[in-house]
Amino acid sequence: MFKVTCFSSVSPEDLWERLKGLRFSYTTEGFVWQQEQSVFKIVPFKNPPRGDAYGYRVYFKGPQGSIHGPIYLFDMALGWSDIKIKGIEYFIYDSKMNHQSWLELLLETRKFKTINAKGIFSKGRVGIIPVDDGVNLQIRPIKGKNLKLIDCLHELERVRDEVKPQKYDLFSFSEEEAI
């Protein structure tokens, strides 16, 4: 699931007024749009805003980790505002692996720069941090700058595929068709 940390001058109340028409639902956590395998959730920060900037965390997951639908939803939901993106993360979950096995995998592939032998790696501007049941990929901007959503999502997607490549079974489609 992707997580975007962003700030805007639009209050949660004003944002909700705009999201109603896009079939979002209001929950105790925030504003949610859900359909089949796709989830898009906007969660306002609990703390009061600093100055005129309200903080939001946007979580989204498309079918099979696709980024195209969520990019469209992000643009529809927040593209009209003065959004400033300050962090983008992606979490790879795998219950079969633990912290040590993730470390070994990342060290043996030699595709990633080791920042700290205890478990911080990087590839370009993507930080790679193994945790107990997965790996956190994250991009943070240079101080005073904002991130570009589409470029960062594509970069995270490339690194995600290097960390844990998708396995495809070419013959499974024909078996499903026969059933």
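Each reported figure results from applying straightforward, stated rules to the coordinates on display, with no laboratory input. Note that the structure is predicted; figures quoted are calculated from it, not measured. Backbone-built Cβ (ideal geometry, glycine too); neighbour counts: all protein chains shown.
So what's segment 90-166 giving for Cα Rg divided by 2.2 N^0.38 Å, two decimals?
1.08
Multiply the residue gap between S9 and E108 by 0.36 nm, knock off their C-alpha separation, and tell me the result in nm, one decimal place.
Working: separation 99, 0.36 × 99 = 35.64 nm, distance 4.53 nm.
Full extension of this stretch gives 31.1 nm more.
Can you count the Lys pairs in segment 1-82 with C-alpha separation below 18 Å, eight or more apart or on different chains?
For segment 1-82, the number of qualifying lysine pairs is 5.
Taking H placed 1.01 Å from N in the peptide plane, check which residues at least 5 places from V131 or on another chain put their amide H under 5 Å from its amide H.
N136
Grab the other residues whose beta carbon is less than 14 angstrom from that of T28, score K and R as +1, D and E as -1, and report the net.
Within the 14 Å Cβ shell, the charges total +1.
Taking a cut-off of 20 Å between Cα atoms, list the lysines near K111, but don't count ones fewer than 8 places away on the same chain.
Reachable lysines: K123, K164, K167.
Lysines near K143 by alpha-carbon distance under 19 Å, same-chain residues fewer than 8 away left out - which ones?
Partners within reach: K84, K86.
What whole number of Å gives the distance from the Cα centroid of segment 37-51 to the Cα centroid of segment 74-94?
10 Å
Please work out the Kirkwood hydrodynamic radius for segment 1-82, using every pair of different C-alpha atoms, and report it in angstroms with one decimal place.
Every distinct Cα pair counted, the radius reaches 12.9 Å.
Is segment 35-99 rounded, prolate or oblate when judged by the Cα gyration tensor, a ≥ b ≥ c being the square roots of its eigenvalues, rounded requiring a/c under 1.5 and prolate requiring a/b larger than b/c?
Note, shape of segment 35-99 comes out oblate.
Compute the FRET efficiency between A117 and V39 as 1/(1 + (r/R0)^6), taking r as their Cβ-Cβ distance and R0 = 25 Å, and round to the nearest 0.05.
Using R0 = 25 Å, I get an efficiency of 0.10.
Taking square-rooted eigenvalues a ≥ b ≥ c of the alpha carbon gyration tensor, is the chain rounded, prolate or oblate, where a/c under 1.5 means rounded and, failing that, a/b exceeding b/c means prolate?
oblate
Enumerate the amide H contacts of I120 below 5 Å, restricted to partners 5 or more residues apart or on another chain; note that Pro and chain-start residues carry no placed amide H.
Excluding prolines and chain starts, which carry no amide H, the hits are I115.
Place +1 on the Cβ of every Lys and Arg and -1 on the Cβ of every Asp and Glu in the chain, take the dipole about the Cα centre, and give the residue among L73, Q100, G119 whose Cα lies farthest towards its positive end.
Result: G119, furthest along the dipole toward the positive end.
222 nm [θ] for the chain, helices only, -39500 (n - 2.57) per DSSP H run of 4+, per residue, to 500?
Mean residue ellipticity at 222 nm (helix-derived): -8500 deg cm²/dmol.
Find how much the distance from L22 to N136 grows on full extension, using 0.36 nm per residue of separation minus their present alpha carbon separation; answer in nm with one decimal.
38.0 nm
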